[in-house]
Amino acid sequence: MQLSTERQDRLIRWLTAAGIYYICLIAFYIDIGQDMGAEYFIPVFLPVMLALVLVQYGTRVPLFSWATLPNLFTGLAWCSAFPLLYTWTYHQDWYMSKICFDFLVGTSLFLLLTALEGALFRLGHEKIIAFFMALLNLFGIVIPFIQYAYYFIVWHCLSPASLMALYLTNWRESIDFIESNVGVVPACFIIAGLALFLYACWRGHMAFARRLEQEDSTAGRMGALALLVIGSLVSLWWYVPQTSIADLWNDVDTYVKQTQTYSLNYEERFASLSIEGTQTLAAKSPGTVIVVIGESASRNYMKAFTNDYAYDDTPWQSQQKANPDFLFFQNAYSSWSQTVPVLQRALTEQSQYNDKEFFNSASILDVAKKSGYDTYWFSNQGRYGQYDSAITLVAKTADHAEWTDDSYNFSDKYDETLLPYLTQVDPAKNNFIVLHIMGSHIYYNNRYPESFNKFQGEEGSSTMTSEASYANSILYTDYILSQVFDYAKKNLNLQAMVYFSDHGENLTISHNPDVFSFDMVRIPMWIYLSPSYQSALPGRTAALRSHGSRYFTNDMLYDTICGLLNAPSEHYDPGQDFTSTSYRFNRDNLTTMLGQYKLSTDPDGNPEQ
């Protein structure tokens, strides 16, 4: 069959446009330094070229025009987001096939939207369909937009750590993140920009409709569009799960679902924990043990740990440094810079230094129960997340577990709301109490009442994220610790009290692991031992006293609690126990960020004796 000159010209234009699209994207990937691999791109050359020609045949709309720009923009956003941002972040190659999957998903999305639009506009109702297509464009750029937005906030592509935070977050914490990292006014501009994008897409789709009106629909063209819609949907169904961003999300999803198995074999695991009850602290010196988990407290910004710090924000703790019953540890670090990964290790056997899995590990609550204590978990942090987090799974194994906000919201109550919960504890019993406070979680000014607004920042500084506001939040935590201690000592026969923070804080960029700095993991830690405790367990006491300047990471807290309660078992490693003379770690063999950084590389690390 001989083609007319006009048809030949059209075919040449369509082939040229398709070739330009393909070659330009290949050139883009080469330009950003990614070796794509011919074995991935050559096999898809003909199918992609054919599809790009077919979409022009079916719609009679040029590939590059104002009418196709909304769909082209949506597709190219998918083609470019992860490859470009990964390269900007790491300056290195990653799996070659992954680029091809991003390319195919973006191209399939462009073809799907354009073919669908070409078919729908034949039904009439141009304005409604144009608006519907604009909404699809907006929906289609959500994931690339999040990737680009995150990059330009922290200058790092999305990683498993940041996706984990996104996975486990809630709307209130999301708002806090946006306000602290973007700001209300810029966020309003972004929303306005998205609204403008929606309107521009609508105008583009209206132009598409006008182009279609100039051409008659035929069975061949409609068949081509139907084929493209079906083929694109199949392609997206097959390739989206294989893209780089989907891979990361699947890793996070697998991890979160895996943690849910913690509860499945709990009874069997608890039964396997064997502790000799006659030698425990509960037997030797009955009373109460309290563990207070701080939030986002960095010892860099605490007077009790940093003598030359400008703000006197720890008056009670500083006073206790002269009390021989209090032991302050100058070189404690967090194992990570986010709450859930830290506490799933601090509360259980799992640590950076062993191969234990969270869902197979005993917890500090298990050890306390087996040692003869009634266990309590009181939290001022909500049970946030799509699933119970690892923290909540452990907390729910306590004999008594309560949250000040028993929901999946992020608590906005002050930590003093925890204090009345202590009156529920029976002073006649042996009690093991965990208090999880909000501490200094951003926004700092939301963490303390007006009466603790003692320190004022420089004029024009943010009351939400300034150093002065952070110091006020630490001052308030200092007060909470004093109230917990005073009540427990007077009413609950307090034998020991431990305070440590989940992680630290960088006052400029908070504690995002993608932009790590050591102040995110330098944490406060101290232990109070009653005179009765010291008399009952002099060896533990002496070991702790000798470790004042030794280095420690809080993922070893489980073994340290085992030692503190004098409750060794087959689920205990004395080498990770800070109360033991067998403690085997020092600055040179300790790490943070789950092994990514040695503590010896901390430029502001303190001496170790």
**OP:** Using a Förster distance of 22 angstrom, determine the FRET efficiency expected from the C-beta separation of residue 31 and residue 89, and round it to 0.05.
**Re:** 0.85
Subject >> Angle between the chain longest axis and helix 96-120 axis [Cα atoms, degrees, rounded to 10] >> reply: 50 degrees
**OP:** Just need log10 I(q)/I(0) for region 299-403 at q = 0.14 Å⁻¹, Debye formula, equal scatterers on the alpha-carbon atoms, no solvent, rounded to two decimals.
**Re:** -0.78
**OP:** Would you please give the FRET efficiency between residue 598 and residue 152, computed as 1/(1 + (r/R0)^6) with r the Cβ-Cβ distance and R0 = 45 Å, to the nearest 0.05?
**Re:** 0.90
Original post:
Suppose every K and R has +1 on its Cβ and every D and E has -1 on its Cβ; what is the size of the dipole of the chain about the Cα centre, in Debye to the nearest 20?
Top reply: 820 debye
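How much length, in nm to one decimal, is gained on full extension between residue 23 and residue 195, taken as 0.36 nm per residue of separation minus their Cα-Cα distance?
58.7 nm
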**OP:** Considering the options 503, 575, 532, tell which one lies farthest towards the positive end of the dipole of region 494-579, charges being +1 on Lys and Arg and -1 on Asp and Glu at the Cβ, about the Cα centre.
**Re:** 532
Original post:
Tilt of helix 126-140 relative to the longest C-alpha principal axis of the chain, in degrees (0 to 90, nearest 10)?
Top reply: 40 degrees
Subject >> Spin-label proximity, residue 9 to region 51-89 - amide N less than 19 Å from point 7 Å beyond Cα toward beta carbon >> reply: 56-65
**OP:** Considering the options 223, 244, 234, tell which one lies farthest towards the positive end of the dipole of region 214-276, charges being +1 on Lys and Arg and -1 on Asp and Glu at the Cβ, about the Cα centre.
**Re:** 223
Subject >> P(r) weight above 33 Å for the chain, C-alpha pairs, percent >> reply: 53 percent
Original post:
Which cross-chain or sequence-distant (5 or more) residues have an amide H under 5 Å from the amide H of residue 350, H modelled 1.01 Å from N in plane?
Top reply: none
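If packing is taken as the average number of other Cβ atoms within 10 Å across a peptide's residues, how do 353-359, 267-273 rank, most packed first?
Ranked by mean Cβ neighbours within 10 Å, highest first: 353-359, 267-273.
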**OP:** Compute the Kirkwood hydrodynamic radius of region 501-606, taking the inverse of the mean of 1/r over all pairs of distinct Cα atoms, and give it in Å to one decimal.
**Re:** 15.0 Å
**OP:** Please give the net charge around residue 133, taking every other residue with its beta carbon less than 15 angstrom from that of residue 133, where Lys and Arg add +1 and Asp and Glu add -1.
**Re:** +3
**OP:** For the chain, find the longest principal axis of its Cα atoms and tell me its angle to the long axis of helix 69-90, 0 to 90°, nearest 10.
**Re:** 40 degrees
Original post:
Tally Lys/Arg at +1 and Asp/Glu at -1 over every other residue whose Cβ is under 12 Å from the Cβ of residue 345; what's the total?
Top reply: -4
Original post:
Can you give the alpha-carbon Rg of region 460-561 over 2.2 N^0.38 Å, where N counts its residues?
Top reply: 1.33
Original post:
Which whole-Hz ³J(HN,Hα) couplings does region 543-551 yield from phi under the Karplus relation 6.51 cos²θ - 1.76 cosθ + 1.60, θ = phi - 60°, glycine and proline marked x?
Top reply: 4, 5, 4, 6, 9, x, 10, 6, 8
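Find the all-direction average of the projected area of the Cα convex hull for region 416-495, expressing the result in square nanometres with one decimal place. Working shown, then result.
Values: hull surface 22.5 nm².
Over all viewing directions, region 416-495 projects a mean Cα-hull area of 5.6 nm².
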Subject >> Furthest towards positive pole of dipole, 108, 63, 20, structure part region 1-145, Cβ charges >> reply: 63
**OP:** Sort the following peptides by mean Cβ neighbour count (other Cβ atoms within 10 Å, averaged over residues), highest first: 361-368, 440-447.
**Re:** 361-368, 440-447
**OP:** Please give the residues of region 525-547, grouped as numeric ranges, whose backbone N is less than 18 Å from a label point set 7 Å along the Cα-to-Cβ vector of residue 276.
**Re:** 536-541
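Let me know the Kirkwood hydrodynamic radius for region 516-576, please, with Cα pairs as the basis and the value in Å to one decimal. Can you show the working numbers first?
On the way: mean 1/r = 0.0765 Å⁻¹.
Result for region 516-576, one decimal place: 13.1 Å.
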Original post:
How would you rank 45-54, 473-482, 508-517, 419-428, highest first, on the average number of other Cβ atoms within 10 Å across their residues?
Top reply: 473-482, 508-517, 45-54, 419-428
**OP:** Using a Förster distance of 35 angstrom, determine the FRET efficiency expected from the C-beta separation of residue 454 and residue 428, and round it to 0.05.
**Re:** 0.35
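Where a ≥ b ≥ c are the square roots of the eigenvalues of the C-alpha gyration tensor, would you call region 294-338 rounded, which needs a/c under 1.5, or, failing that, prolate if a/b is larger than b/c, or oblate?
Values: a/c = 2.16, a/b = 1.37, b/c = 1.57.
Oblate, since a/c reaches 1.5 and b/c is not below a/b.
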Subject >> Cα centroid of region 502-540 to Cα centroid of region 41-95, whole Å >> reply: 49 Å
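Here, each number is a calculation from the coordinates, and none is a lab measurement. This is a predicted model, so every value here is computed, not measured. Ideal geometry is used to build each Cβ from the backbone, glycine not excepted, and the neighbour counts take in all protein chains shown.
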